[in-house]
1. Within segment A:1-91, considering only helices (runs of 4 or more DSSP H) that don't extend past its boundaries, which have at least 3 residues that are more than 20 Å from residue A:114 (Cβ to Cβ)?
2. Quick check: anything in segment A:76-84 away from RNA strand B (no atom under 12 Å from the Cβ) and of a type in the set (D, E, K, R)?
3. I'm trying to understand the selection: among the residues of segment A:238-277, which are farther than 10 Å from residue A:164 by Cα, away from RNA strand B (no atom under 12 Å from the Cβ) and at pLDDT 90 or above?
4. Specify the residue that is nearest to residue A:50 (Cα to Cα); the eligible residues are those in segment A:92-111 that are part of a loop (DSSP other than H, G, I, E, B) and out of contact with any Gly (no Cβ under 8 Å at 6 or more places or on another chain).
5. May I ask you to list the residues in segment A:380-419 that are outside any strand (DSSP E or B), within 17 Å of residue A:328 (Cβ to Cβ) and within 7 Å of RNA strand B (Cβ to nearest atom)?
6. I need a count of the residues in segment A:371-389 that are touching a residue at least 24 places away in the same chain (Cβ under 8 Å) and polar (S, T, N, Q).
7. Restricting to segment A:319-375, name every residue that is polar (S, T, N, Q), farther than 19 Å from residue A:390 by Cα and more than 8 Å from RNA strand B (Cβ to nearest atom).
8. What's the number of the only condition in (1) out of contact with any helix residue (DSSP H, G or I) (no Cβ under 6 Å at 6 or more places or on another chain); (2) more than 9 Å from RNA strand B (Cβ to nearest atom) that residue A:301 fails to meet?
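The values are calculated or read from the model by the stated rules, or taken from the named source; none is laboratory data. Since the structure is predicted, the reported quantities are computational estimates derived from the model, not experimental observations. For neighbour counting, all protein chains shown are included, and Cβ atoms are generated from backbone atoms with ideal geometry for every residue, glycine included.
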Amino acid sequence: MADPIYRAPKGTHDVLWPESARRRALVAVFADIVEAAGYTEVVPPMFEHVEVFRRLGDATDVVRKEMYEFEDRGGRHIALRPEQTASIVRSFGEHRPTLPWKAWYAGPNFRYERAQKGRFRQFDQVGIEALGPEDPHLDAEAIATAWRFYESLGLQQVTLLINSLGGPEDRANYIAALHGHFASDLGSLSEESRSTLATNPLRVLDSNRPEDADLIAAAPDMLDHLSADAAAHFDQVQAALTGLEIPFTIQPRLVRGLDYYVRTTFEFTSGAFDAAQNAIGGGGRYDGLAEAMGAPATPGVGFALGVDRTLMACDAEGAFEATSSTVDVFVVDTTGGEAALLITDELRRAGISADRAWDGRSMKSQMRAADRSGAAIAVIVGDDEAESGTASLRDLRGDAGQDTVQRSSITETLLARLK
RNA sequence: GUGGCCGUAGCUCAGUUCGGUUAGAGCACCUGGUUGUGGUCCAGGGGGUCGGGGGUUCAAAUCCCCUCGGUCACCCCA
């Protein structure tokens, strides 16, 4: 292997064609769906003042220990974004668009973590954020938008999990109840979970440790601690999803890692691939976040979907396969290359994609390149054609053979044949 | 941050157990067979500091130590 200096940094990788084309296509599908629902694109910066992300909560690991932070040359304390919701909400506070504001985004995020399957230090997400309405139908619309996106990709093994964390007070009550429960049998809890209990009690419910399983199973139910308001909101979200015929599973143990969520939370998991990281998307309500960021108090709901993990799910299901786009025409020129230069330029200006060979290779070599390019037709200029001011057009895919046309009519002839 | 497994040509791997002639295969790439014509076939060719460093030894891809990287899991999350 090459010197480590010349490798992509840990947890990052280059996306080469055709996978790069597939990713672009996936984002295009997402853009079509969300724009058809009235969402408009926002392109926030990839880094922000650290404080923007600190507002996400001190107990959030993403903020506490996973941020790429640095001081820039002007002494500003900057962090690469670990997620985009904070940036979008910051942008909302800065520009104060009219409500409701329905925004979508796509792009990379950065978290300093140990890489594993489906988890990288740079990873792409697509997502939406809707600020303004408290309407439970908006929660349902957001969920449905993600669901339709997965459907459009051809995914069939996606499961929707939903839960309600209640309002801030409900949450506090529930946390107190959790403390009581776990305190009753602290000794049987794993050491790690005991420390998690101190910093972020809800997340103990997320532990994957076998020794915690029994105690977690016996833990009080979050849904029993909802206020009448929150319970009604959650009921309406469920009714809306039922009306939309979107299947869901209520998962009272669903705790999401970002601390700003209140009321509705949801997560999409794939049953198609075997990995610990099977959550391919998630989101929820964050009614207090705008205010926490210094903007006018404004409710909001949104989600982020992991592009890498969604593509893993597609791989596992054989869905949304990469399409191999190729050029239409390949120009073979054994007379020095200037003919190829001029002909490819003429073809491209006429809307015909065209490539050629370089370095004055032999006819055989150039024909091999023509074949590999995937082009349907080869335009051949050898000594004979150069002398007579013509070009030979050879069918590379069918059995139409080869014929000769005047140089001046190459483009016109190809336009007709490529229809 | 913690632990398991793994690093040999561009790719997929053999060789490592029990150290020993110039380190191999398939695919890919290049050239030629075909003095202008690809996809099949045949022949030839280029390409490796065996991840890196140190050690043991007459001798290390092979044994030992360290290190870097990859991968999977925990933590956490998309």
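1. Hits in segment A:1-91: A:19-35, A:50-54.
2. Pass one, segment A:76-84, residues away from RNA strand B (no atom under 12 Å from the Cβ): A:76-81.
Among the residues that remain, those that are also of a type in the set (D, E, K, R) are: A:76, A:81.
There is at least one residue in segment A:76-84 that is away from RNA strand B (no atom under 12 Å from the Cβ) and of a type in the set (D, E, K, R).
3. A:238, A:239, A:240, A:241, A:242, A:243, A:244, A:245, A:246, A:247, A:248, A:249 - these are the residues of segment A:238-277 that are farther than 10 Å from residue A:164 by Cα, away from RNA strand B (no atom under 12 Å from the Cβ) and at pLDDT 90 or above.
4. A:111
5. If the condition is that a residue be outside any strand (DSSP E or B), within 17 Å of residue A:328 (Cβ to Cβ) and within 7 Å of RNA strand B (Cβ to nearest atom), then A:396, A:397 are the ones that fit.
6. The number of residues fulfilling the criteria is 1.
7. Going residue by residue through segment A:319-375, those that are polar (S, T, N, Q) are A:323-326, A:334-335, A:344, A:353, A:362, A:365-366, A:373.
Still in the list and also farther than 19 Å from residue A:390 by Cα: A:323-326, A:353, A:362, A:365, A:373.
Across segment A:319-375, the qualifying residues are A:323, A:324, A:325, A:326, A:353, A:373.
8. Checking residue A:301 against (1) out of contact with any helix residue (DSSP H, G or I) (no Cβ under 6 Å at 6 or more places or on another chain); (2) more than 9 Å from RNA strand B (Cβ to nearest atom), the one that fails is (1).
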